[in-house]
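All remarks here apply to the structure that follows.
The values are calculated or read from the model by the stated rules, or taken from the named source; none is laboratory data. As the structure is a computational prediction, the values presented were derived from the model and not from experiment. Backbone-built Cβ (ideal geometry, glycine too); neighbour counts: all protein chains shown. Calculation scope for accessible area: heavy atoms of the full protein, side chains included, ligands and nucleic acids excluded. Shrake-Rupley method; radii C 1.70, N 1.55, O 1.52, S 1.80 Å.
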Amino acid sequence: MFLAAFILLSQVTQIVEPYTFREDQGQTTKVVLKNGLTVLVREQQAIPLVSVNTYVKAGYFDEDDRISGISHVIEHMFFKGTQKRPVGEIARETHGLGGYLNAHTFYDRTVYDTEVQAENMKKALEIQADALWNSVYDATELKREIEVVLQENNRKLDNPGAVTSEKLYATAFQQHRMRRWRIGTPEGLRALTRDDIIRYVQKYYRPSNIILSIAGRLDIEETIAEVVKLYGNIPDDGKPIERDNGPAEPEQTAVRYSWQLGPIEQNHVALGFHTPGFLTDDARGLEVLAAILGEGRASILNQYVRDEKGLITSGSANLQAFQNLGFFEIDFETAKPLEAQIGVLAEVEGIKKFGVTNEQLARAKALIAQSRYHEIETVSGMAEDLAYHEALGDWKRSLSYLRAIQKVSADDVIRVAKKYLVFENLSAFEYLPESVTRTLTESDYLQAVLDKVASAIEQRAVQELPVAAEIPSADDSLTHDLVKPVEKRSILRGPDVYIIEDHRLPLVSFGLFYPGGRLYESPKNAGITELMLRTALRGTQRFNSEDIARRLENAGARIQVVNQPDFFGYLVDGLSGKLGQALEILMDILQQPVFQEDDLEKEKVLQLARIKNLRENNYAYPVSVFMQTLFGEHAYARPAVGTEAAVQSITKEDLQTWFKTNQRPLVPTIVVVGDTQGTGLVAPLADMLTNEDLHEREIGSLPSPNLKAETKEAVENTSRQQTALVYGYPGISRSGNDRYGLVVLQNIVSGLGGRFFDAIREKQGLAYTVRTETTFFSKAGAVYTYVAFSPENETQVKESLEKEINRLLKDGVTADEVRKAIAYSIGEHEIGLQTRSATVLEYARSIYSGEGVQDFGNYARFIRGVTPEQVKKTAEAYFKPQLLRVAIVRGAKK
């Protein structure tokens with residue numbers, strides 16, 4: 001605290017050895033090394049982790065057409081071996097530090113990130129420096145990895161949302177490089193050579209074009225000294241990079257429209273408008289406009305276009321903003337693509353004509369603030385955020401961003417809407433199922449959509465509600481930012497309350513949950529718990545759907561439906577200070593839902609769309625098919641959203657009965673994590689949470705799945721680019737004795753450096769995604785491996801997977817493998833608990849699974865007790881051929 005008082009104002013020192021620039025402000029220090037490398041160090045003591053973020057200021061915008069996609073290829077090659085570390089060793093070493101590797105490429109940047117346990121930060125830095133400066137970019141590995149990139153490309157082609165967005169850019173941009181499919185083309189990628197890679201790396205992977213951002217539990221001076229040692233001797237001539245940014249985009253003067261049919265179930269539509277770059281004042285106005293349109297249940301898209309008019313089933317709006325370029329995008333899914341576009345554009349025109357209310361403006365700013373704080377909730381999020389703003393000119397823009405948002409006025413929103421969201425600047429793309437007939441031209445589109453917008457504009461008389469006066473701020477002062485341990489409190493004749501105080505950011509996550517739910521569903525009413533939870537949000541005896549959404553979000557809060565296999569409820573996530581107002585609304589939803597017939601029918605439409613969304617998901621749907629294959633008629637076999645036939649048959653009376661039987665009379669459990677003082681949030685609600693008629697429910701008496709000793713395989717044929725294979729076995733409940741052995745086993749075979757990953761992806765390049773998962777429920781569990789690949793590789797993938805399983809069963813595992821997997825298991829656990837909402841849900845899983853909060857706190861100790869012999873015995877116990885279950889969602893062979 002003395003240091004906090006001393007460093008109250010920013011201190012800047014020029015030309016201080018061994019760097020040429022230093023600036024200290026609160027918990028953040030910036031230095032520039034002699035070779036031009038910019039280093040940002042952010043101290044955060046609350047989380048025992050550190051993120052090392054290497055931010056290279058080069059991406060898809062920097063590639064000419066011949067080498068399109070090369071930035072992404074280099075991202076893949078970054079960890080493929082150095083002069084002293086062979087292929088796979090970087091991942092294995094990082095996992096052995098309890099660390100997680102990740103990387104991504106975007107239009108203006110390529111980012112490499114590793115999160116490790118804090119005590120291993122120096123070693124992680126050394127590994128990252130070695131990868132950055134000494135990667136060999138082996139020609140043979142390059143060819144193999146390009147095939148992996150093509151597998152990733154095929155996976156993207158099976159993602160309707162990704163296809164819709166990139167096809168919109170291809171429609172909107174006629175000259176600029178944003179028009180291109182950003183991963184590149186198969187022909188272009190296969191033509192890339194090692195010389196191309198080296199030239200690109202030498203040009204852009206220079207110290208002066210890189211930002212090294214490090215955040216977490218660290219000592220600033222020790223960290224800077226280590227960076228100087230590892231990064232300071234790399235030469236850089238200091239000359240400015242001669243960037244080849246390609247042609248600029250001419251001003252758009254007329255509407256652009258295109259469409260495409262594909263192997264999808266729903267209509268996906270994207271609308272876009274050219275805008276200026278991130279650094280302009282107009283960008284903040286556009287961000288607030290996007291939030292008014294698409295953020296939260298009370299947004300214009302959700303409240304009016306979805307709930308009131310029923311024209312879309314989901315919608316969003318966002319601003320893609322780069323240094324000198326911006327693009328405002330509106331995306332939605334709909335059963336009526338043309339009518340939906342008329343409705344969406346009419347709402348935009350309504351803003352221009354009638355303006356926005358003070359309530360809409362304040363609510364949008366509060367939701368932007370909440371999203372902003374969530375972005376920097378993790379050490380990796382903080383590190384990348386600092387680097388991102390530094391790349392745009394100054395990391396301190398990160399501190400002033402919300403102040404700039406607060407300054408946006410209603411007039412600013414109207415002005416930017418009138419200036420940029422105009423028809424001559426509009427581009428539209430429709431991605432439609434193959435069963436749809438579409439022959440529209442741009443001229444037809446004008447008549448079918450744009451000519452009808454004016455008559456669809458509505459002026460609404462809305463009674464404004466009070467809103468939060470200002471957004472709570474999080475400063476950059478140097479503090480110990482202590483997170484207190486979990487406390488358990490009990491309310492007489494009411495719930496147990498688990499509280500973790502975390503005052504680093506003005507955020508609180510409040511979860512209230514009930515046992516059972518889906519566990520009590522049958523094939524005839526599958527999805528009723530989900531439908532009940534969502535329909536309850538549409539109206540109570542005091543408030544209708546619009547009132548509920550507005551009152552929650554005016555308090556800076558969002559509500560999330562939670563429908564886990566063993567428990568259900570709501571998670572309210574919001575800005576501290578006003579969350580009490582949101583919780584009063586939650587109590588009303590819990591106690592007095594009315595389940596109106598028309599609300600139920602509207603919610604059914606949305607739930608049926610979610611079922612279609614599940615089938616379009618390349619990962620979730622194959623896993624869902626696997627669960628059906630494994631668990632048969634048991635509730636664990638069915639997804640949270642249920643089945644179409646069951647959802648369509650559910651009546652108002654069914655919902656009322658389900659609520660009265662499975663929610664209202666039960667004692668809930670409350671978990672609170674965030675910026676709160678003890679039971680301060682819960683105390684005012686005590687009367688509403690207590691009732692002499694409430695009773696406990698023991699789900700332990702429910703039957704476990706009856707898993708027969710038999711092999712099963714389920715196959716579905718599709719016309720997708722990829723095949724997805726889920727290959728697995730019955731597992732164990734979360735409270736089972738073998739749980740920790742299974743976790744360690746999972747992390748020996750899965751992911752970067754794992755046995756299955758190495759055999760299928762690293763050595764053969766057969767697949768892009770290879771991951772092994774373990775799921776632990778209260779009554780059962782599963783262990784399975786998911787692999788996505790080109791259809792022609794199916795036989796090889798299955799043979800490779802089976803070969804590795806047999807080798808594991810025969811030879812067991814080494815002590816070194818177990819040591820690294822233990823470290824990674826502990827690190828992965830800590831990394832996954834950085835956000836408040838994730839912590840709430842993990843505590844709830846622990847409580848309802850029978851594990852208990854005490855064992856939850858001993859996770860690391862139990863993991864450290866796993867031995868190589870135990871892992872081998874665990875593999876033998878669960879990888880039994882006679883219990884094998886396989887699910888295949890098979891793509892079409894080329």
### Query
Which ³J(HN,Hα) values, rounded to whole Hz and listed in residue order, are derived for the range 361-378 from phi using the Karplus coefficients 6.51, -1.76 and 1.60 in 6.51 cos²θ - 1.76 cosθ + 1.60 with θ = phi - 60°, glycine and proline given as x?
5, 5, 5, 4, 5, 5, 6, 4, 4, 4, 4, 4, 5, 5, 5, 9, 6, 9
### Summary
Farthest towards the positive end of the dipole of the range 480-569, among Val483, Ala549, Asn563 and with Cβ unit charges of +1 on Lys and Arg and -1 on Asp and Glu, lies the Cα of Ala549
### Task
Mind scanning Lys167/Lys763; Lys365/Lys578; Lys810/Lys880; Lys30/Lys365; Lys712/Lys798; Lys57/Lys167 and naming the pairs with a C-alpha gap bigger than 23 Å?
Lys167/Lys763; Lys30/Lys365; Lys57/Lys167
### Summary
Expressed in angstrom and ordered largest first, the alpha-carbon extents of the range 510-636 along the principal axes are 46, 32, 27
## Note on the structure
The answer for Asp219, listing residues at least 5 apart or on another chain whose modeled amide H is closer than 5 Å to its amide H, is none
### Cα Rg, Dmax, the range 113-232, angstrom units
18.8, 50
### Task
Return one whole number: the accessible area per residue of the chain in Å², for a 1.4 Å probe.
38 Å²
### Message
Taking 2.2 N^0.38 Å as the expected size of a compact globular protein, what ratio does the Cα radius of gyration of the range 592-746 give against it, to two decimals?
### Response
1.37
#### Entry: Compactness index (Cα Rg / 2.2 N^0.38 Å), the chain
0.93
### Query
For the range 21-89 and the range 813-837, what is the separation of their Cα centres, given in Å?
23 Å
### Task
Quick one: give the max-minus-min coordinate of the C-alpha atoms of the range 387-456 along each principal axis, largest first, in Å.
51, 31, 18
### Query
Per residue, what volume in Å³ does the convex hull of the Cα atoms of the range 450-559 enclose?
278 Å³
### Task
Two decimals is fine: what's Rg over Rh for the range 187-244, C-alpha atoms, Kirkwood radius as Rh?
1.12
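Could you state, as a whole-number percent, how many of the C-alpha pairs of the range 58-137 are farther apart than 18 Å? Present the calculation step by step, with values, prior to reporting the outcome.
Details: 1362 of 3160 pairs.
Of all Cα-Cα distances in the range 58-137, 43 percent exceed 18 Å.
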### Message
Cross-link candidates for Lys239: which aspartates and glutamates have Cα within less than 18 Å, leaving aside residues fewer than 8 places away along the same chain?
### Response
Asp62
### For the range 748-760, Karplus couplings with θ = phi - 60° (6.51, -1.76, 1.60), whole Hz, Gly/Pro x
7, 9, 9, x, 3, x, x, 4, 5, 4, 4, 5, 8
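Could you calculate, for the range 342-493, the ratio of the Cα radius of gyration to the Kirkwood radius, expressed as Rg to Rh? Display every interim value, and only then the final one.
Details: Rg = 22.3 Å, Rh = 20.2 Å.
Using only Cα positions, Rg/Rh for the range 342-493 is 1.11.
Averaging over every viewing direction, what projected area does the convex hull of the Cα atoms of the range 187-305 cover, in nm²? Walk me through the numbers on the way to the answer.
Numbers: hull surface 61.9 nm².
Seen from a random direction, the Cα hull of the range 187-305 projects 15.5 nm² on average.
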### Message
Less than 20 Å apart at the alpha-carbon level, and either on another chain or at least 8 residues along: which aspartates and glutamates does that give for Lys872?
### Response
Asp738, Asp758, Glu773, Glu802, Glu804, Asp811, Asp816, Glu817
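Compute the FRET efficiency between Gln260 and Glu876 as 1/(1 + (r/R0)^6), taking r as their Cβ-Cβ distance and R0 = 56 Å, and round to the nearest 0.05. Each step should come with its number before you reach the end.
Numbers: r = 50 Å, r/R0 = 0.89.
The calculated FRET efficiency here is 0.65.
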### Query
Which whole-Hz ³J(HN,Hα) couplings does the range 276-286 yield from phi under the Karplus relation 6.51 cos²θ - 1.76 cosθ + 1.60, θ = phi - 60°, glycine and proline marked x?
x, x, 5, 7, 7, 5, 4, 4, 5, x, 5
### Message
What percent of all Cα-Cα pairs in the range 72-181 falls into each 5 Å bin, going from 0 up to the bin containing the maximum distance?
### Response
2, 10, 17, 19, 17, 12, 10, 8, 3, 1, 0
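Which FRET efficiency value, to the nearest 0.05, is calculated for Arg243 and Thr20 with the Förster distance at 22 angstrom and r the Cβ-Cβ distance? All intermediate terms of the calculation are to be shown ahead of the outcome.
Values: r = 23 Å, r/R0 = 1.05.
The value I calculate is 0.45.
Can you tell me the equivalent ellipsoid semi-axes for the range 656-762? Use √(5λ) from the Cα gyration tensor, largest first, whole Å. List each step's numbers first, then the result.
Values: eigenvalues 348, 103, 62 Å².
Taking √(5λ) for each eigenvalue gives 42, 23, 18 Å, largest first.
How much of the accessible area of the chain, probe 1.4 Å, is carbon plus sulfur, in whole percent? Numbers along the way, then the final one.
On the way: 16650 of 34330 Å².
Solvent-exposed carbon and sulfur of the chain make up 48 percent of the total.
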### Task
Please give the calculated 222 nm ellipticity per residue for the chain, where each DSSP H segment of at least 4 residues contributes -39500 (n - 2.57) and the sum is spread over every residue; nearest 500 deg cm²/dmol?
-12000 deg cm²/dmol
### Query
Expressed as a fraction of 2.2 N^0.38 Å, the rule-of-thumb size for a compact globular protein of N residues, what is the C-alpha radius of gyration of the range 564-624?
1.53
### Query
How much accessible area does Ile457 have with a 1.4 Å probe, in Å² rounded to the nearest 10?
40 Å²
## Note on the structure
Quarter of the surface of the C-alpha convex hull for the range 766-869, i.e. direction-averaged projected area in nm², equals 8.6 nm²
### Query
Quick one: Debye curve from the C-alpha atoms of the range 562-663, no solvent, what's log10 I(q)/I(0) at q = 0.16, 0.18, 0.21 Å⁻¹?
-0.92, -1.08, -1.25
